[in-house]
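Student: Shown below is the structure under consideration.
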Amino acid sequence: MEYNRFVDLSKSYLFCQLQRSAGTRFKNSNLHPKLPFVTISREAGTGESEITASILDELTKIQDPDECPWTLYDKELVKKVVEDYNISGIQSLLPEKKFSEIQMMFEELFGLHPTKREMAHNISKSILRLAEMGNAIVVGRGGFYISRHHTNALHFRLIGSMAKRVKHMVNEYSMTLKRAEDYVIKEDLERREYVKKLFGVDLNDPHHYDLVINTDKFSVQEITETICLNVLALKQKLALNEHMEELSPI
């Protein structure tokens, strides 16, 4: 998938969610059923970019036509969206306060302001808003822990052997073997320390995730199919639960 398509999807998602939010001010919120939300945690060098692109493609194929598009959010993507599009042009869709809150969400979530410890609370709020919206994939940022109580959230962790992760970095980014090894070790440590410092939990603890996938053992396609089957099953479960609640006597 071309990078520009990620940008276009992100823009479409933002427009759709703003319109959806505006609509709920006047309509019954039950018109918008709860949608799945996905977090991806990963060890460095597990090929997360290719995997998440594949997942996004597959989820886009199976989503309902009246839903906001499935969208992937990571730091570089949202930074690109803000740079490439004049998102202030959608202010007319919502009152100033509501628009400002949603725009700030994206800026806070993906570090477009200087990183500070006190921003952890704002980052958490932003991820929780995305979880409420649904049909979004968030990479990193402790999303698995922040949205742990959301019944519509699925949390995946990508792992792999050091040897194969280093090899991936060498092949994909033309790094020397030494540089690739140093990069993987440094990234793993920084991500673990980030989560430990802000949330007090161990990133590597498998109990935080619904599924831990060893990328040494499975192809991108196999990983994509596994994750998408879980997302589809959750979506059906959410729809069934909502239907049962509607049938329940008051």
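Student: Write down, largest first, the equivalent ellipsoid semi-axes of the stretch 178-241 in whole Å, where each equals the square root of 5 times an eigenvalue of the alpha-carbon gyration tensor.
Tutor: 29, 19, 8
Student: Here's something else I'd like to know. Taking the Cα-to-Cβ direction at ARG148 and at LEU229 and moving 7 Å from each Cα, how far apart do the two end points lie in nm?
Tutor: With each label placed 7 Å out from Cα toward Cβ, I get 2.8 nm.
No lab work stands behind these numbers, since they all come straight from the coordinates. None of the values given here were measured: they were computed from a predicted structure. Backbone-built Cβ (ideal geometry, glycine too); neighbour counts: all protein chains shown.
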